[in-house]
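Remarks on the structure that follows.
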Amino acid sequence: MLLKTTKQKWLGMIAGILLTVAAICMSIVYGYTNTTWSMAMDSFIHFNGSNEHIVLQTVRLPRALIAATVGASLAIAGVIMQTLTKNPLASPDILGINAGAGFAIVLFVTFFGMSDLQHFTVVSIAGAAISALCVYVISMNGRDGLTPMKITLAGAAMAALFSSLTQGILVTNEAAFEQVLFWLAGSVAGRKMEILTSVLPYIIIGIVLSMMFSSKMNVLATGEDVAKGLGLKTGRLKLIMGLTVILLAGGAVAIAGPIGFIGMVIPHIARYCIGNDHRWLIPFSGLLGSIVLIAADILSRYILMPREIPVGVMTAIIGTPLFIYIARKGFGGNEKI
Amino acid sequence: MKKYKSLRLYNEKVSFLLYPRAGMIFAIMAVLTLSIIVASTGIGEMYIAPIQVLQVFLGQGSDLDTLVITDLRLPRILTALFVGMSLAVAGAILQGMIRNPLASPDIIGLTGGASVAVVTFLTIFSDENYSLTVSINWMPVAAFTGAAVAAIMVYVLSWKKGVSTIRLVLIGIGITALMKALTTFMILVGPIYRASQVNLWITGSVSAASWQNVLILAPWSLAFIFFAFIYSRNINVQELGEEVAVGLGSNVQKQRMVMLAISTALVGCAVAFAGGIGFVGLMAPHMARRLVGSNFGALLPISALIGAILVLVSDLIGRTLFSPLEIPAGVFTACIGAPYFIYLLLKTKTS
């Protein structure tokens, strides 16, 4: 833990907020179209309709805000899932929740011609909920109950099933394929402001819920039995946590498609910086998630200039080494796993 | 009655065990596979009765039937056959080696590695005229290289005073995710007309089969399956566990390398021609084990046939059920395979 005292933690939070703002600004200014800081300022103060100003206002600004929102929601969803399943590898993508949401969206786009943004969100959240439920129910059953290992494997199997079904639908429908390919890779580019505003309410509810119950999550993290002994209604808390994850992950997927590894990696970095107290961990992870996703997004513009790499690919490349490191370390000192 | 019968020839210079029950089951499965091949050849947009199919096979069918069967249907069916066999044998070897019922080429990242390699191959070597600048014959080599790189990565990264099976599976999941991202990346940077072609291929389909493919695939897969069969006594020893195997005088590390190489080669050639048909390598060996137990001499051939049946039937369903739409075989194998995986997960003790 890097930041030990409350004062240091506050400083860390403030630094996080400043960095997030700085990252958003950089994301607005740097990119293929040449723009400068003063131009960016101008476009907010007196918009003159020039090419650069239009790019800044309609492309870069939504993109930066979307990256910030998606990064924060995925990271917070990851923290809650890791606490809920006691599994350091838990995250919306590893446990198949992203794949479920993606499948639901592709299904509705191809078979019901869905195009309304509001519907996108609802369908995505419903897909996330269904796959989360499947994984949870599956790993509850069986010989030794809900072990971290089992939930990871059940998630991997569900993810494989859903992505295979998604591929199957797309193969039979080439028009839809081209429409959703970039979305499926996970990207924050080319989205309009409206999609953000249509999803934002769900994400805000998710973040507020996670903050409200953060102190109870601390109790749950000490272990189920202890939490029950202390008078916590663990069943209800778990249900709320599950709901929060679904809102956050489903919302994020609706905007950006399945972006991997943010949800798994960020909570670990945040925990290393600020410790295990969820009251700090959740907001800090949110900030860190925003910063990392925006940074990955900026990077993805420059690697193959003028073409762009989907940011989901970037996060996978950054995240896999850390995943492997955690998998090698084992689950919380339990070497047998 | 003893389960096995031993056979000694040439003053005991050559000896092997015979397992009559496995022989019976093998015969039954072989007949089943053949009848599925015949039926599947007959079913399609133009129905050809089984008897006529057989006539064509014997070179006595009508001209039209012969054309449809030899030019259109047979390459596809043979590809399905060999791909199913290769994947199943690769899965059986991996399960024996890793001693984990959940191991399979797609879960531990071999298929993913091969996919990245093939997509990269298609992207780099295609020119403006939609055609490849190098021979398609190099594609299995690319797929094999990709699978091998993934296999080595997974194996090395899960090494920590020996390879724990669970760690291997977890690292495999991580590598698979990375490979998926890289595949998407290659699709997006590649020429756009390749995108949907590649997508079909990733899902796993035998629809693009041609005689040219079959002629490359068949020798590869048959040779390596045969090699695996010869090597099966070593796999049997490996399955007893590392300590026992060492105690029995096996060179465990060397044998593991050979086994990994065999399964990588098999996965490579299957993936090169049919893409990522998932879960076959997981399911087939389990079903075979139910039938004949875990002696690899019997297990490998039976797994091979079951794998072939799985892919043949999935392809048959995929091209007939929603006709004229074609659903890739990989979708069906995943639909059966994922629940099966979950069933195994619930049954096995995890710690």
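Things worth noting here:
- Among the residues of the stretch B:276-308, those that are in a helix (DSSP H, G or I), within 14 Å of chain A (Cβ to nearest Cβ) and of a type in the set (A, V, I, L, M, F, W, C) comprise B:Val280, B:Leu282, B:Met283.
- In this structure, B:Gly268 does not satisfy being out of contact with any Cys (no Cβ under 8 Å at 6 or more places or on another chain) and at positive phi.
- So B:Thr79, is it within 24 Å of the chain's Cα centre (by Cα) and assigned to a helix (DSSP H, G or I): yes
- Those residues of the stretch A:22-55 which are within 25 Å of the chain's Cα centre (by Cα) and surrounded by 13 or more Cβ atoms within 10 Å (Cβ to Cβ), in sequence order: A:Ala23, A:Ile24, A:Cys25, A:Met26, A:Ser27, A:Ile28, A:Val29, A:Tyr30, A:Gly31
- Any hit, the stretch A:101-108, residues being within 18 Å of B:Ile173 (Cβ to Cβ) and buried (at least 18 other Cβ atoms within 10 Å of the Cβ): yes
- Here B:Ala261 fulfils each of the conditions (1) more than 10 Å from chain A (Cβ to nearest Cβ); (2) buried (at least 21 other Cβ atoms within 10 Å of the Cβ); (3) within 22 Å of B:Ala218 (Cβ to Cβ); (4) out of contact with any Asp or Glu (no Cβ under 9 Å at 6 or more places or on another chain) apart from (2).
- Hits in the stretch A:1-57 - residues which are assigned to a helix (DSSP H, G or I), in contact (Cβ under 8 Å) with a residue 12 or more places away in the chain and of a type in the set (Ser, Thr, Tyr): A:Thr20, A:Ser27, A:Ser43
- All positions within the stretch B:309-323 that are of a type outside the set (Lys, Arg) and more than 10 Å from every other protein chain (Cβ to nearest Cβ): B:Ile309, B:Leu310, B:Val311, B:Leu312, B:Val313, B:Ser314, B:Asp315, B:Leu316, B:Ile317, B:Thr320, B:Leu321, B:Ser323
- Residue in the stretch A:277-291 that is more than 16 Å from A:Asn218 (Cα to Cα), touching a residue at least 24 places away in the same chain (Cβ under 8 Å) and polar (S, T, N, Q) present: yes
- In the stretch B:198-256, the residue that is farthest from the other protein chains (Cβ to nearest Cβ) out of those that are touching a Leu at 6+ places or on another chain (Cβ under 8 Å) and in a loop (DSSP other than H, G, I, E, B) is B:Leu248.
- Per this entry, A:Met241 is not counted among residues that are hydrophobic (A, V, I, L, M, F, W, C), surrounded by fewer than 19 Cβ atoms within 10 Å (Cβ to Cβ) and either touching a residue at least 60 places away in the same chain (Cβ under 8 Å) or not in a helix (DSSP H, G or I) (or both).
- Apart from one condition, A:Met314 fits all of (1) assigned to a helix (DSSP H, G or I); (2) buried (at least 19 other Cβ atoms within 10 Å of the Cβ); (3) in contact (Cβ under 8 Å) with a residue 24 or more places away in the chain; the exception is (3).
- Residue count for the stretch A:66-101, restricted to those that are part of a helix (DSSP H, G or I) and within 12 Å of another protein chain (Cβ to nearest Cβ): 2
- Some residue of the stretch B:295-305 being free of Cβ contacts under 8 Å to residues at least 60 places away in the same chain and not hydrophobic (A, V, I, L, M, F, W, C): no
- Selection count where residues are in a helix (DSSP H, G or I) and free of Cβ contacts under 8 Å to residues at least 24 places away in the same chain, scope the stretch B:309-332: 2
- Some residue of the stretch B:74-95 being out of contact with any Pro (no Cβ under 9 Å at 6 or more places or on another chain) and modelled with pLDDT under 85: no
- Test result for A:Ser198, outside any helix (DSSP H, G or I) and either more than 18 Å from the chain's Cα centre (by Cα) or within 27 Å of A:Phe108 (Cβ to Cβ) (or both): no
- Taken over the stretch B:333-351, the criterion of being more than 9 Å from every other protein chain (Cβ to nearest Cβ) and either in contact with a Ser or Thr (Cβ under 7 Å, 6 or more places away or on another chain) or without any contact (Cβ under 8 Å) to a residue 40 or more places away in the chain (or both) is satisfied by B:Tyr343 alone.
The values are calculated or read from the model by the stated rules, or taken from the named source; none is laboratory data. Note that this is a predicted model, so its numbers are computed, not measured. Cβ coordinates were reconstructed from backbone atoms using ideal geometry, including for glycine residues, and neighbour counts include every protein chain displayed.
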